[in-house]
Amino acid sequence: MEKYENLTSVIADNLTYYRKKSKLTQSELAEKLNYSDKSISKWERAEGVPDIYILVQLADLYGLTVNDFLTTKKKEKIANIYFSKILITLMSIALVWFIATLVFISLRIFASSTNENFKHWLIFIYALPISFILLIIFNDVFFKRTYNIIAVSGLCWTIALSLFLSLSFLENISLIFIVAIPFQVMIILFYIFLLKRKSK
C-alpha cells in the first residue's frame with residue numbers, strides 16, 4: 001500500500017511539473033485529452049492515477065516516455081535548470097546596461113563637441129524600458145506569465161519617464177504620467193482577467 005501511495009505521489013508531481021512546463025492550465029490539458037479538468041486536478045492531488053492509455057497520450061503530448069511519469073526527478077537538476085534560467089535572464093539585462101555604458105562613454109568622448117545639448121545620461125534612462133522588455137520576453141519563455149504584471153508595469157512607467165526626460169522642453173510634457181495611469185489600470189485588470197480564467 002505504501003509503495004502504491006508513493007508511486008501515486010510521484011506520478012502526481014510529474015503530471016503537475018510537465019503540465020506547467022508546457023504552460024498549460026488544467027482546463028487546457030483536459031480539453032486536449034477529452035477529459036474533465038476535475039480528473040486532472042484529482043491526478044495532480046495524488047487522489048488517483050490516469051490509466052495507461054492517458055499516460056501514453058500525455059507522453060506523446062510532452063515528447064516523453066511513460067517511464068518519465070513513473071520516476072522521481074532529481075530535485076537538484078530542476079533547481080540547476082531554474083538557476084540557469086535566472087542567470088540567462090540577468091546576463092541579458094546586464095548586457096543591455098553594458099551596451100548603454102559603452103554608448104554613454106562613446107558619446108562623451110566623440111560626440112560632446114558636436115551636440116552639447118544632448119543629455120548623454122539619457123542613454124541609461126532608455127536602457128530601463130529595454131531591460132523590462134527583455135524581462136517580459138524571458139519571463140514568458142522561462143517562468144510564469146502571471147509574473148509579467150510587474151515587468152509590464154515597469155515598462156509602462158519607464159517609457160513615460162523616458163518621454164518626459166527626452167521631451168522636457170515641451171510644455172505640459174508631465175501630462176505623460178497622467179496618460180500612463182489608465183494604462184496601468186488596464187494592465188492590472190488584464191492580469192486579473194487572466195488569473196480568473198486560469199482558475200476556472
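The values are calculated or read from the model by the stated rules, or taken from the named source; none is laboratory data. Remember, predicted model here, so these are calculated numbers, not experimental data. As a convention, Cβ positions derive from the backbone with ideal geometry for all residues, glycine included, and neighbour counts pool all protein chains shown. Please note that ligands, DNA and RNA were not included when accessible areas were found on the heavy atoms of the full protein model with its side chains. Shrake-Rupley method; radii C 1.70, N 1.55, O 1.52, S 1.80 Å.
Whenever a residue of region 90-104 is under 12 Å from PHE124 (Cα atoms), its partners that are among the β-branched types (Val, Ile, Thr) and open to solvent by less than 60 Å² (accessible area, probe 1.4 Å), lying with C-beta atoms within less than 7 angstrom and at least six residues away or across chains, give the pairs ALA100/ILE123; VAL103/ILE123; PHE104/ILE123.
For ALA180, the stated conditions do not hold, so it cannot be described as small (Gly, Ala, Ser) and closer than 19 Å to SER92 by Cα.
Rundown of residues vs (1) in contact (Cβ under 8 Å) with a residue 12 or more places away in the chain; (2) in contact with a helix residue (DSSP H, G or I) (Cβ under 8 Å, 6 or more places away or on another chain), yes/no style:
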{"position": "LEU135", "(1), (2)": "yes, yes"}
{"position": "TYR147", "(1), (2)": "no, yes"}
{"position": "GLY154", "(1), (2)": "yes, yes"}
{"position": "LEU161", "(1), (2)": "yes, yes"}
{"position": "PHE169", "(1), (2)": "no, no"}
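Here is a yes/no grid of residues against (1) part of a helix (DSSP H, G or I); (2) closer than 25 Å to PHE142 by Cα:
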{"position": "TYR18", "(1), (2)": "yes, yes"}
{"position": "LEU24", "(1), (2)": "no, yes"}
{"position": "LEU29", "(1), (2)": "yes, yes"}
{"position": "TYR53", "(1), (2)": "yes, no"}
{"position": "THR65", "(1), (2)": "no, yes"}
{"position": "THR72", "(1), (2)": "no, yes"}
{"position": "LEU87", "(1), (2)": "yes, yes"}
{"position": "MET91", "(1), (2)": "yes, yes"}
{"position": "LEU95", "(1), (2)": "yes, yes"}
